[in-house]
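Below is the structure I would like to discuss, written out as structure tokens.
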Amino acid sequence: MEIKEHLLKGANVSFKKTPNTSGEFKAGDLDTIILHYTAGPTKNAINTLTNPRVKASAHLVVSRDGSVTQLAPFNLITWHAGQSQYEGRIGFNNYSIGIEIENDGILQKSGNTYRAWYGATHAEDEVIEATHRNSTSKEFWHTYTQVQIETVAEVCRLLVETYDMKLILGHDEIAPKRKQDPGPAFPIDRIRNGLLHADRNMNDAEESLKIMTVDAGKLNIRALPSTTAEQVAKSLQKGQKVKVLEEKNGWIKVRVPVEGWVFGQYLK
Ligand SMILES: [Zn+2]
């Protein structure tokens, strides 16, 4: 597979346009992938997510056979996250690609079979018993197919490369009170740890950086170690923490997370 002009291309990829979008992402905003399950068959999911009367959509639906249906190009905002919040940011539709994965979610055991909310039944080899990350009790979950997991991982890799994604999150992580998808049957930790490894290394390296505190009412942060250099951001505030990158002639280069030079004597 490959991404060309915001479209996924490949032998098992098709496109069915959804009208449920709200224009293009603002420049620089798209940096997250949100994973979901459909809680039902692909066909129903696509019908719902392309129905103008239903205020929902997503970018991709990944079926159990590994085929992919794209509903909107990756530069358009779709409506999959709903009320959502993670690390201080709200409204994840405006920042994310939504991937729906065909899966029935939580199942109820009945005799030798396991029943989905809409009546479909699954044999034991399509079920795991596991505890959701937001719960303390075990439940039965519909498993994902191997080809589905591989396809989602490959799509995530392409998206991370093409759009410089910073986060891969489950719907259950940005709306933990409302949502359980993609749930414990999907190996989201393994996929994001593999794909966002470069970021993790950067974070690891950052851990060893010295932290200092701004000790002036306002502290200018500049592009170069000079009082005539342009400011790269709003002045830093007293008490603000900065990471120290390097020092030169009494100036200190810091990350806040923008990087710039400040007068060293105003840090402690
Ligand atoms: Zn969801």
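The values are calculated or read from the model by the stated rules, or taken from the named source; none is laboratory data. Computed from a prediction, not measured in an experiment: that's the story for all the values here. As a convention, Cβ positions derive from the backbone with ideal geometry for all residues, glycine included, and neighbour counts pool all protein chains shown. Please note that ligands, DNA and RNA were not included when accessible areas were found on the heavy atoms of the full protein model with its side chains. Shrake-Rupley method; radii C 1.70, N 1.55, O 1.52, S 1.80 Å.
Would you list, by chain and number, the lysines whose Cα falls below 28 Å from the Cα of Lys218, excluding same-chain residues fewer than 8 positions away?
Correct list for Lys218: Lys210, Lys234, Lys238, Lys241, Lys243, Lys248, Lys253, Lys268.
Only Cα pairs within less than 10 Å get springs; with that Gaussian network setup on the chain, which residue of Ala229, Ala120, Ala39 has the largest fluctuation?
Answer for the Gaussian network model of the chain: Ala229.
Here's another thing I want to ask about it. For the chain, what is the accessible area per residue in Å², given a 1.4 Å probe and the full set of protein chains?
On the way: 14050 Å² over 268 residues.
On a per-residue basis, the chain sits at 52 Å².
Now for a separate question. Okay, which of the stretch 231-268 sit inside 16 Å, backbone N to the point 7 Å along the Cα-Cβ direction of Arg89?
Under cut-off, by backbone N: 257-258.
Okay, next question. Starting from the 7 Å offset along Cα-to-Cβ, what nm value, one decimal, do you get for the label separation of Lys177 and Lys218?
It is 3.8 nm.
Still on this structure, please answer the following. For the chain, what's the relative contact order in percent, using C-alpha pairs closer than 8 Å and at least 6 residues apart? If you can, show how the numbers build up before the last one.
Working: 551 pairs, mean separation 41.0, N = 268.
Once normalised by length, the contact order is 15 percent.
So, one more: At 0.36 nm per residue, and after removing the present C-alpha to C-alpha distance, how many nm does the segment from Ala233 to Ser208 gain when stretched out fully?
Gain on stretching Ala233 to Ser208: 6.6 nm.
Here is a follow-up. At 1.4 Å probe size, what's the solvent-accessible area of Glu129? Round to the nearest 10 Å².
Accessible surface of Glu129 is approximately 110 Å².
Taking a probe of 1.4 angstrom, what is the accessible area of Arg255 in Å², to the nearest 10?
It works out to around 50 Å².
A further question follows. Looking at the chain only, what percent of DSSP beta bridges run antiparallel? Nearest 5 please.
Numbers: 40 of 56 bridges.
The antiparallel fraction comes to roughly 70 percent.
Round to a whole number: what % of the accessible area of the chain belongs to carbon and sulfur, probe 1.4 Å?
That fraction is 49 percent.
Further question on the same structure: Post the alpha-carbon centroid distance, the stretch 10-84 to the stretch 177-192, in whole angstrom.
Taking the Cα centre of each part, the stretch 10-84 and the stretch 177-192 sit 17 Å apart.
I'd like to verify something in the chain: which complete DSSP H helices, judged by Cα projection on the helix axis, reach 20 Å or more and average at least -0.5 on the Kyte-Doolittle scale? Present the calculation step by step, with values, prior to reporting the outcome.
On the way: long enough: 146-163 (25 Å, 0.47).
Sorted by number, the helices that extend far enough and score high enough are 146-163.
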